[in-house]
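The values are calculated or read from the model by the stated rules, or taken from the named source; none is laboratory data. A quick note: this is a predicted structure, and the numbers were derived from the prediction, not measured. Positions of Cβ are generated from backbone atoms using ideal geometry, with glycine treated the same way; all protein chains shown enter the neighbour counts.
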Amino acid sequence: MRCLSALLFFVLLILSHSLAAADWSITEIQYQKGKLDAPGFAGGGDADTNIITFQHASGWAYGDNFFFMDHLDDDNADGFNDQDWYGEWYSNFSLGKITKKSVGAGPVKDIGLLMGFNWAADAKVTKYLPGIRLSWDLPGFAFFNSDLTAYIDDSAGIVQGGAPAESNSWMLDLNWAYPFSIGEQDFSIEGHMEYIASRDNEFGAEVSHWILAQPQIRWDMGKALFDVKGRLFAGVELQYWQNKLGDAGTDEKAIQLLVVARL
């Protein structure tokens with residue numbers, strides 16, 4: 001709990017500074033409900049799972065920030081996804097903004113230096129993700145980024161009651177938002193897809209690579225029902241996770257109910 005409190009304090013400190021100098025910002029609370037799998041090392045099987053997410057994105061003079069914090073709870077008291085917390089933070093430093101020059105070419109409109117941080121409470125997992133971002137100028141997309149990062153482990157490990165520590169690896173992530181309309185109804189398809197390469201745990205066993213895709217299909221419910229645009233959304237999140245959490249025996253395919261309130 002002390003670690004969680006310290007992390008939340010850090011996030012709020014950075015967020016308050018970011019908002020004060022932000023060119024733009026989007027803050028959301030998301031609720032998801034679906035039947036998610038537990039990997040084999042956590043007992044296997046599936047369980048109805050509720051996820052509440054606090055998510056923030058903002059742009060400032062030298063780049064942009066994105067972070068989210070999940071609270072996960074399922075109906076199976078097995079020690080996996082039981083009142084657990086998981087968060088990620090990414091700060092992108094835009095070379096175009098920093099140099100005030102065009103640094104892209106062709107469909108690449110900007111290049112950024114990326115610093116990421118992943119954290120899981122129960123598993124006591126900490127990862128650092130320094131890397132490079134290419135921002136693409138693609139027709140119709142609000143944004144489309146490709147991120148290539150290291151995946152550096154700084155986890156507590158077994159001796160401190162966490163998941164096994166791991167060797168370092170690398171990640172490729174694609175993230176996007178594509179808004180569109182059908183008649184008078186507004187929609188968007190947004191989310192990300194990541195590949196994380198295999199690595200070894202502290203016992204020398206292989207942790208399999210994984211592919212995780214989490215596209216959301218959103219309908220602007222607030223506009224349709226209350227004539228308030230861009231504040232309340234409903235839809236689904238599709239989750240495909242090959243080798244979930246590095247378990248070669250668990251491939252997850254799930255559809256989750258999604259409700260989003262934009263603050």
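For region 209-217, the condition holds for at least one residue, the condition being that it is surrounded by fewer than 20 Cβ atoms within 10 Å (Cβ to Cβ), touching a strand residue (DSSP E or B) at 6+ places or on another chain (Cβ under 6 Å) and more than 30 Å from SER198 (Cβ to Cβ).
Restricting attention to region 180-208, the residues being surrounded by 15 or more Cβ atoms within 10 Å (Cβ to Cβ) and closer than 30 Å to ASP137 by Cβ number 11.
The one condition from (1) over 24 Å from ASN50 (Cβ atoms); (2) without any contact (Cβ under 8 Å) to a residue 60 or more places away in the chain; (3) outside any helix (DSSP H, G or I) that GLY249 does not meet is (2). Answer yes or no: is there a residue in region 155-165 that is assigned to a strand (DSSP E or B) and polar (S, T, N, Q). No: zero hits.
In this structure, PHE233 does satisfy being within 17 Å of GLN30 (Cβ to Cβ), part of a strand (DSSP E or B) and either modelled with pLDDT of 95 or more or more than 17 Å from the chain's Cα centre (by Cα) (or both).
Cβ-Cβ contacts under 7 Å between residues 6 or more apart (or on different chains), taken from a first residue in region 65-90 that is under 16 Å from ALA42 (Cα atoms) and free of Cβ contacts under 8 Å to residues at least 60 places away in the same chain to a second residue that is surrounded by 15 or more Cβ atoms within 10 Å (Cβ to Cβ) and among the polar types (S, T, N, Q), are listed as LEU72/THR49; LEU72/ASN81; ASP73/ASN50; ASP73/ASN81; ASP74/THR49; ASP74/ASN81; ASN81/THR49. You will find that of LEU172, LEU148, LEU245, LEU257, the residue that is surrounded by fewer than 17 Cβ atoms within 10 Å (Cβ to Cβ) and either touching a Pro at 6+ places or on another chain (Cβ under 8 Å) or within 21 Å of GLU28 (Cα to Cα) (or both) is LEU257 and no other.
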